[in-house]
Amino acid sequence: MTTDTLHPLAADYLQRLRRAGRGLPRGRLRELLAEIEGHLSEAIDPSASDAQALTVLDKLGEPEAIIAADTPDPDELPARRGTKEWAAIILLLFGGFILGLGWFAGLILLWNSRAWTTREKWIGTLVIPGGLATSVLIGLIAIGAPTKKICHAFAGGVQHCTNATGQSTPILGVAVFAVLVLAPIATSVYLARRAA
């Protein structure tokens with residue numbers, strides 16, 4: 001802030017604004033001070049009379065009123081992570097193991113919480129519905145899926161068998177399993193961080 005090039009009353013106004021805005025996040029207070037300072041430097045010439053400066057400052061209003069208008073209403077603030085949010089995260093991850101019903105309970109808690117945005121709720125809902133239970137089930141099916149075997153006999157009675165894709169181990173199945181397990185874990189971590 002360059003208050004040395006401002007009219008003394010404008011510089012004093014900015015100091016009052018800074019004191020009144022101590023409760024705002026630092027970044028927002030910096031933006032607000034820069035915005036008001038820019039306006040004051042354009043509207044009030046440093047050599048203007050005190051009466052001219054006071055006219056501009058009166059139009060702006062009291063610094064406390066500007067801060068109050070920029071402070072969000074506590075009812076509009078998103079809720080913080082609490083017991084309900086932790087229960088939602090845990091049930092979305094492990095609830096599928098409780099006959100699948102636990103995951104649905106987690107889903108209800110997720111959508112009833114004010115800690116997440118709609119976008120975050122959709123991510124929690126759609127990234128591997130059923131959580132780890134679904135991931136484990138699909139992963140085990142992918143790993144154990146029967147494949148067509150191709151066997152080649154070599155000299156000395158040695159036989160080498162591979163599946164139809166030419167792989168001797170189900171690498172694709174293991175990769176799918178890893179992704180299916182990591183996706184719900186990553187989603188749970190994401191939801192926990194976003195609710196913080």
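The values are calculated or read from the model by the stated rules, or taken from the named source; none is laboratory data. From a predicted model like this one, the values you see are computed outputs, not experimental measurements. Cβ atoms come from the backbone with ideal geometry, glycine included; neighbour counts cover every protein chain shown. Ligands, DNA and RNA are excluded from the accessible area calculation, which covers all protein heavy atoms including side chains. Shrake-Rupley method; radii C 1.70, N 1.55, O 1.52, S 1.80 Å.
Any chance you could count how many residues in segment 108-128 are in contact with a Lys or Arg (Cβ under 9 Å, 6 or more places away or on another chain) and within 13 Å of Lys84 (Cβ to Cβ)?
Counting residues in segment 108-128 that are in contact with a Lys or Arg (Cβ under 9 Å, 6 or more places away or on another chain) and within 13 Å of Lys84 (Cβ to Cβ) gives 7.
Matching residues to (1) over 19 Å from Leu137 (Cβ atoms); (2) open to solvent by less than 20 Å² (accessible area, probe 1.4 Å); (3) at pLDDT 85 or above:
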site	(1), (2), (3)
Pro63	yes, yes, yes
Ala87	yes, no, yes
Leu91	no, no, yes
Leu101	no, no, yes
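Report, by residue number, each residue of segment 106-140 that is open to solvent by less than 40 Å² (accessible area, probe 1.4 Å) and free of Cβ contacts under 8 Å to residues at least 24 places away in the same chain.
Leu107, Lys121, Thr125
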